[in-house]
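One structure below.
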Amino acid sequence: MKQNESVNCFACAKKQLSKDEIGLNKKMIGREIKQFYCLDCLAEYFEVTCEELLTKIDEFKKQGCVLF
């Protein structure tokens, strides 16, 4: 994936996912993935709330994860 390349949600086609959404996909699914989910679809995929995922993003950032 190129740095300036726009990434869309695989499930709902939401345009231009955020850096945090892309980082969370890579962290939770795998760094080599080619298809990404928006926050809403990722929450549905893992059967959690968006708020829980936002909390995980904050935790990963505090841990110094380079994906965010």
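The values are calculated or read from the model by the stated rules, or taken from the named source; none is laboratory data. If you're wondering where the values come from, they're calculated on a predicted model, not measured in any experiment. So basically every Cβ, Gly included, is an ideal-geometry build from the backbone, and we count neighbours across all protein chains shown. Remember, those area values only see protein heavy atoms, side chains included, never the ligands or the DNA or RNA. Shrake-Rupley method; radii C 1.70, N 1.55, O 1.52, S 1.80 Å.
Points worth noting:
Matching residues to (1) modelled with pLDDT under 95; (2) at positive phi; (3) under 9 Å from the mean Cα position of the chain (by Cα); (4) not basic (Lys, Arg):
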residue	(1), (2), (3), (4)
Asp20	no, no, yes, yes
Gly30	no, yes, no, yes
Cys38	no, no, yes, yes
Cys41	no, no, no, yes
Phe46	no, no, no, yes
Thr49	no, no, no, yes
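- Test: Lys56 is open to solvent by 60 Å² or more (accessible area, probe 1.4 Å), assigned to a helix (DSSP H, G or I), touching a residue at least 40 places away in the same chain (Cβ under 8 Å) and of a type in the set (Lys, Arg): no
- For region 18-53, the tally of residues that are open to solvent by less than 50 Å² (accessible area, probe 1.4 Å), farther than 17 Å from Cys65 by Cβ and either of a type in the set (A, V, I, L, M) or not in a loop (DSSP other than H, G, I, E, B) (or both) stands at 3.
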